[in-house]
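Notes follow once the structure below has been shown.
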Amino acid sequence: MKKITLIAITFMTFSVASAQISEGIISDFEDGTTQGWSNGETSPNPPVNIPTGGPSGTDDNFIEEESAGGSGPGSRLVMFNENSEWLGDYSQIGPAEMVMNIKNAGNEELFIRIGLAGGPDETEMVTSDPISVPVSQTDWTLIGIPVDEFSFTVTDGDDTPAQVLQDVIEIRILSNEDVDFRGAAIVGKMHIDNIGIFGAIGFDDNLIETFSISPNPALNRLNISSQVQMQEYSIYSLLGATVAQGLIDANEKQINISDLSSGPYIIEVSSEKSTTTKKFIKR
């Protein structure tokens, strides 16, 4: 089992001289806007901020993106962001993961991919493997999509994925079963919240199946449970700083996280025989 390496994370620094993107950025839509996410100025059905009903329930904002199918503006299920905080050198984060809460509020299965454009030739590429999101009018799902040079397929242009990652000028979230920088032309609807970028270094990819956390994202309380007795927990920022810790000595624990700032965190839980980690978002 791979365990989080706190020393490496604590002293890891990121060069941001030529980039605006930084690990831990979150689009949570709590300000009532779409925070730069759009599907074009001519679209008849642009993304809309919905003020309640997000993953955390009442008063949790999210955005709704619709597509009408057919052809022309608004026909494809895709949204993009060209705001400076989402652009620049993704490679300075290292191997990363884009996470988001998503709900398929339409009538067709969604195939979620990330698209990036950039590099010297303004090359376009999308993640090679989509994540399937079945139709559900009620259930939110937390998904993670890898962001590294080995996870993308170039669809147009002569740059390599590594070159694109060094100078991103547009990021997209789209649904398409095919490897295509454009979203599929379908009648579809997706609800999205808490879009963020995590560095993948230091995360445990082989978690004990019995260990679970909820809700995620969480506002004031984080519930953890396991089929085996847990002994203690620690919560870390993405730079390795300890922000909370305590004893458990039980199979369940409710942790007060109301004092934490909004953003991504790592929770590490130990039992007598093992230590495991999970990622969560403080809303």
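Calculated FRET efficiency, Asp178 and Gln231, Cβ-Cβ r, R0 41 Å, to nearest 0.05? Numbers along the way, then the final one.
Details: r = 48 Å, r/R0 = 1.18.
Efficiency computed from Cβ-Cβ geometry: 0.25.
Just to confirm a number: summing +1 for Lys and Arg and -1 for Asp and Glu over residues other than Gly196 whose beta-carbon lies under 12 angstrom from that of Gly196, what do you get?
Working: positive: Lys279, Lys282, Arg283; negative: Glu23, Asp28, Glu85, Glu97, Asp193.
Residues near Gly196 contribute -2 overall.
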Legend entry - Helix-only mean residue ellipticity at 222 nm for the chain, each DSSP H run of n ≥ 4 adding -39500 (n - 2.57), per residue, nearest 500: -1000 deg cm²/dmol
Legend entry - aspartates and glutamates whose Cα lies under 18 Å from that of Lys253, excluding same-chain neighbours fewer than 8 positions away: Glu209, Glu232, Glu268, Glu272
Legend entry - Area accessible to solvent at Val154, 1.4 Å probe radius, in Å²: 50
Legend entry - Bridge type composition, the range 96-146 - antiparallel percent by DSSP, nearest 5: 95
Legend entry - Per residue accessible area in Å² of the chain, where ligands, DNA and RNA are left out and the probe is 1.4 Å: 45
Inset, instruction - State the extension gain, in nm to one decimal, for the chain segment bounded by Ile169 and Thr52, taking 0.36 nm per residue of separation less the distance between their alpha-carbons. - result: 39.0 nm
Legend entry - Given charges at Cβ of Lys, Arg, Asp, Glu: the chain dipole, positive-most of Asn223, Gln163, Pro264: Asn223
Inset, instruction - Compute the projected area of the convex hull of the Cα atoms of the range 88-195, averaged over all viewing directions, and report it in nm² to one decimal place. - result: 6.2
Inset, instruction - Using +1 at the Cβ of each Lys and Arg and -1 at the Cβ of each Asp and Glu in the chain, identify which of Ala185, Phe280, Phe211 lies farthest towards the dipole's positive end. - result: Phe211
Inset, instruction - For Asp158 and Ser22, calculate 0.36 nm times their separation in residues minus their Cα-Cα distance, and state this gained length in nm to one decimal. - result: 46.4 nm
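Subtracting the Cα-Cα distance from 0.36 nm times the residue separation, let me have the gained length for Val187 to Thr242 in nm, one decimal. Don't skip to the end; give the middle numbers.
Details: separation 55, 0.36 × 55 = 19.80 nm, distance 4.58 nm.
Gain on stretching Val187 to Thr242: 15.2 nm.
Given R₀ = 30 Å, what would the calculated FRET efficiency be for Leu219 paired with Thr275, taking r from the Cβ atoms and rounding to 0.05? Kindly include the intermediate steps, with their values, before the conclusion.
On the way: r = 26 Å, r/R0 = 0.88.
For Leu219 and Thr275, the calculated efficiency is 0.70.
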Legend entry - Net charge contributed by nearby residues that have their C-beta within less than 9 Å of Gln229 (K/R +1, D/E -1): -2
Legend entry - Debye-sum result for the chain in log10 I(q)/I(0), which assumes one identical scatterer on each alpha carbon, at q = 0.17 Å⁻¹: -1.43
Inset, instruction - With a 1.4 Å probe and every protein chain kept in, tell me what percent of the accessible surface of the range 86-141 is carbon plus sulfur. - result: 45
Legend entry - Burial ranking of peptide ranges 263-276, 158-171 (average Cβ count within 10 Å, highest at the top): 158-171, 263-276
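The values are calculated or read from the model by the stated rules, or taken from the named source; none is laboratory data. For clarity, every value in this text was computed on a predicted model and none was experimentally measured. When we count neighbours, we look across all protein chains shown, and the Cβ atoms used for this are built from the backbone with ideal geometry, even at glycine. Keep in mind that these areas ignore ligands, DNA and RNA; they rest on the heavy atoms of the full protein, side chains included. Shrake-Rupley method; radii C 1.70, N 1.55, O 1.52, S 1.80 Å.
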